[in-house]
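Enquirer: A single structure is presented below for examination.
The values are calculated or read from the model by the stated rules, or taken from the named source; none is laboratory data. Since the structure is predicted, the reported quantities are computational estimates derived from the model, not experimental observations. Every residue, glycine among them, receives a Cβ derived from its backbone with ideal geometry; neighbour counts consider all protein chains shown. When the accessible area is computed, the model is the full protein with side chains, heavy atoms only, and any ligands, DNA or RNA have been set aside. Shrake-Rupley method; radii C 1.70, N 1.55, O 1.52, S 1.80 Å.
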Amino acid sequence: MNATARQNAPERARPAVSKVRGGSSETTARPVVIVHGSMDRSTGFRRVSDHLPDRTVIGYDRRGWGRSRSLGGPDVDHQSHVDDLSAILAELAAPIVLGHSYGALVALAAAAAAPSLVAGIVAIEPPVRWLPWWPADDPWEKTVRGAAAEGGPEQAARALLTELLGPASRLHLARAQPSDLAADGAALISEMTDPTVDVPRFDPLTFATPTVVAAGSRSAPHHVEVARRLAELLPHGRFAEISGAGHASHVSHPQEVARLTEQIDSNPEFDSKPENHLIEEQRR
């Protein structure tokens, strides 16, 4: 949807937002807003929130997923998700944003648009496809396209879940309803084929928000490489490797993910890196 159409469109229903954890009434710790990735929803981070007992944790299901499934559709693009997150952040006092995969990309774009709304970001394996280290033919996108061509959205969802979860996907898929898989597959295909995801929405060299960019040590090599390179480009960025984790580190290593979130408050500014050789090379 272009900017003019977006301005003239009637106000849309907002995604389902909920307080995952209430936090202590005496705490001064910043709240945390969770932005989930594709094939997921806010409840997927419940184990992470269990390791943040002193914080208020806010979760929401993005358009097309979970309780916000009915809000998906062909008019939902990357900017739609950024707008939703920005509206949530505007009602809070500069929270920390924990974003995973596609959700991390949404978090980075929202912080770039309104830096004052965000105190810090934990971005787990953001698919920054316009960086030069992202492969032209992403293996997961190839898997989804092939599965969708063979069996439609349901097969696409099954294929990606198998890639994401490995053997653990068998139990999940055995319990899943075909209609739910088909709906998730449709949202997945929509996000993967959205051309606006390839439009740069933030400049890493001038990004002002303190950011931990993380990746699981067992994730796809290009996910790890892009996370590492992005952290090096950000003036206030740090890279963190989650040892033994794959892409779904919030499921397999929730304590480690929660610890990264705590690091934002323990060192909110991070060290500026004006002499970073990668930044200088990019500027040239």
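Enquirer: Please work out if R238 is at pLDDT 95 or above, surrounded by fewer than 18 Cβ atoms within 10 Å (Cβ to Cβ) and either outside any helix (DSSP H, G or I) or among the hydrophobic types (A, V, I, L, M, F, W, C) (or both).
Expert: It is false that R238 is at pLDDT 95 or above, surrounded by fewer than 18 Cβ atoms within 10 Å (Cβ to Cβ) and either outside any helix (DSSP H, G or I) or among the hydrophobic types (A, V, I, L, M, F, W, C) (or both).
Enquirer: Mind checking which pairs have a first residue in segment 178-206 that is free of Cβ contacts under 8 Å to residues at least 40 places away in the same chain and farther than 23 Å from A136 by Cα and a second that is assigned to a helix (DSSP H, G or I) and open to solvent by 40 Å² or more (accessible area, probe 1.4 Å), Cβ under 6 Å, 6 or more apart or different chains?
Expert: Matching pairs, first to second residue: P178/E154; L181/E154; A182/P153; A182/E154.
Yes/no matrix, rows are residues, columns are (1) outside any helix (DSSP H, G or I); (2) surrounded by fewer than 19 Cβ atoms within 10 Å (Cβ to Cβ):
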position	(1), (2)
P74	yes, yes
V82	no, no
L92	yes, yes
L105	no, no
L131	yes, yes
V144	no, no
A148	no, no
G152	no, yes
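Enquirer: Any idea which of R47, R14 is of a type in the set (K, R), in a helix (DSSP H, G or I), touching a residue at least 60 places away in the same chain (Cβ under 8 Å) and out of contact with any Gly (no Cβ under 8 Å at 6 or more places or on another chain)?
Expert: R47
Enquirer: Which is in a helix (DSSP H, G or I) and either touching a strand residue (DSSP E or B) at 6+ places or on another chain (Cβ under 7 Å) or not hydroxyl-bearing (S, T, Y) (or both), of R55, R62, R69?
Expert: Result of the check over R55, R62, R69: R69.
Enquirer: Which condition number in (1) assigned to a loop (DSSP other than H, G, I, E, B); (2) touching a residue at least 60 places away in the same chain (Cβ under 8 Å) is the one that G166 fails?
Expert: (1)
Enquirer: Residues that are among the polar types (S, T, N, Q), under 23 Å from P235 (Cβ atoms) and part of a helix (DSSP H, G or I): does segment 115-123 have at least one?
Expert: The answer is yes; a qualifying residue exists.
Enquirer: While we're looking at this one, here's another question. Say we look at segment 29-44 and pick out the residues that are assigned to a helix (DSSP H, G or I) and within 12 Å of K19 (Cα to Cα); which of these is farthest from the chain's Cα centre (by Cα)?
Expert: T43
Enquirer: Looking at R201, is it outside any helix (DSSP H, G or I), at pLDDT below 95 and either closer than 23 Å to T261 by Cα or open to solvent by 20 Å² or more (accessible area, probe 1.4 Å) (or both)?
Expert: yes
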